[in-house]
Amino acid sequence: MGRLVAIVGRPNVGKSTLFNRLTETRSAIVDDTAGTTRDRQYGKVDWCGQEFSIVDTGGWVVNSDDVFESEINKQVEIAIDEADVILFVVDASNGVTDLDDKVAQILRRSKKPVILVANKEDKSDARFNIPEFYSLGLGEPIEVSSANGSGTGELLDKIIADMPEPKADDRPEDNVAKFAIVGRPNAGKSSLINAFIGEERHIVTDIAGTTRDSIYHRYNKFGFDFYLVDTAGIRKKNKVNEDIEYYSVIRSIRAIEASDVCILMIDATRGIEGQDANIFSLIQRNKKGLVVCVNKWDLIEDRSLTAQKRYEEAIRNKFAPFTDFPIIFTSALTKQRIFKVLETAIDVFNNRKRIIPTSQLNTYMLEQIQQTPPPANKGKYVKIKYVTMLKDSVVPTFVFFCNLPQWVKEPYRRFLENKIREHWDFHGTPIQIFMRDKS
């Protein structure tokens, strides 16, 4: 089960720079203007073989004229409520401010592991301000510079040390599919869940997952047998307005990480929006199976086959380069094609489990490689000699053995993946391809 870390703090202390440093990306916009971060950023961090999700939040603001103030503050509260570990970032060059005190008061009440991060320690005289932060009552501050990376190794060690261990009990069996229904607010997720369950409540068991807020609902009616992955966050209506975009993201992180296949809901009446692409990228980063469900199709005037094809093409263009996934046009309200969604999700789950015999794999792939060999690089020719499929990997994983693995670039890897998909059915599931040395 995945674990979640949230970065919080007042505006302009370097939260987004720290997020970019820890995720080794440039996803978050960095600017000296306070309040730049409003839309949520989230990513994956891998440190010493342990992986966790991390969320960047907007700066904590009070008594300002910023129209986004209340929404940013809500997002911080949600992060505190949902996260396993909280990084409280302060500006070492400025010392303790009144806003730092206000955030610290809330964090002390949260009863969550809080790591105090004194950022910008590389600035002149900043280290002389570090002792001030002990007054926040959150323990010893860790000195870092997110701009140049100093101290981030120690910070990651501390995060791993403070991360609560997942519980081993009450875990559903691995051979039963686990589906998560995700999407932006008001896309019809709750309606689809209700359509699946029905008035007679066809859910027969609820099993608590390996973290405090993951719930697995067993569904075994009408020839189906799977777990519907839910999160306790869906029920916390008293905590926050459910319509804010960030809430859907932080809930989706939990549900996606707990699932095998994600059913991504898209509102047909609103089209494909940035939030859909964000959640899709979450699914891709976590290497989960995918079924795209275009909901509210009954509200569209032009429901012709041509219109469907145009909509499909727009979705695949938006989500490229991964385009080998099913798209189903549904109406949760009228229950149109909802069982097709379940049948397709089961197919995608089975595709994730598919194992290709080594002899068949080599017979077909070596012939394709011979017809279209890897391009030469600086007069060096890559010779792929053997291919095998790993049997114990979470997603279909293929290992190609060759003399110069470092010269096989991404375009040729995509060529190999496309050839595999053309010959075997891996519809809806990501594929991993690795090149290994065998001289």
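Legend: residue pairs Lys189/Lys318; Lys44/Lys178; Lys15/Lys353; Lys287/Lys409; Lys296/Lys391; Lys158/Lys189, Cα-Cα distance threshold 29 Å; pairs beyond threshold, Lys15/Lys353; Lys296/Lys391; Lys158/Lys189.
Using 0.36 nm per residue of separation minus the Cα-Cα distance, give me the extension gain between Thr358 and Leu333 in nm, one decimal.
Gain on extension, Thr358 to Leu333, equals 4.4 nm.
Modelled spin labels at Glu343 and Glu422, positioned 7 Å past Cα toward Cβ, are 2.9 nm from each other. Put simply, the C-alpha atoms of segment 75-122 give a gyration tensor, and the ellipsoid matching it has half-axes of 20, 12, 8 Å, longest first. Here segment 272-353 is described by how far its Cα atoms reach on the three principal axes: 35, 26, 20 Å, from widest to narrowest.
Per-residue extension of 0.36 nm, minus the Cα-Cα distance of Ala307 and Asn148, leaves a gain of 52.2 nm for this segment. Amide H contacts of Lys383: Asn403, Leu404, each under 5 Å away and 5 or more positions distant or on a separate chain (H built 1.01 Å from N in the peptide plane; Pro and chain starts excluded).
Once backbone amide H atoms are built at 1.01 Å from N, Ile266 has Cys293, Val294, Asn295 as its partners under 5 Å, excluding neighbours fewer than 5 places away on the same chain.
Just need log10 I(q)/I(0) for segment 246-312 at q = 0.15, 0.16 Å⁻¹, Debye formula, equal scatterers on the alpha-carbon atoms, no solvent, rounded to two decimals. So the normalised log intensities work out to -0.53, -0.59.
Please work out how much length the chain gains when fully extended from Lys102 to Arg218, using 0.36 nm per residue of separation minus the C-alpha to C-alpha distance, in nm with one decimal.
37.5 nm
Could you give me the percent of Cα pairs per 5 Å distance bin for segment 295-437, shortest bin first, beginning at zero and ending with the bin that holds the maximum distance? It works out to 2, 8, 15, 17, 15, 12, 10, 8, 6, 4, 2, 0, 0, in whole percents.
Please report how far the C-alpha centroid of segment 79-115 lies from that of segment 370-417, rounded to the nearest whole angstrom. Cα centres, segment 79-115 to segment 370-417: 47 Å. Computing Rg and the Kirkwood Rh from the Cα coordinates of segment 376-419 gives a ratio, Rg/Rh, of 1.01. Here each label is just a point 7 Å from Cα along the line to Cβ, and for Glu165 and Glu24 those points are 2.8 nm apart.
Any read-out appearing in this document is the output of simple, stated calculations on the displayed coordinates, not a laboratory observation. As the structure is a computational prediction, the values presented were derived from the model and not from experiment. Reconstructed Cβ throughout: ideal geometry from the backbone, glycine too, with neighbour counts over all protein chains shown.
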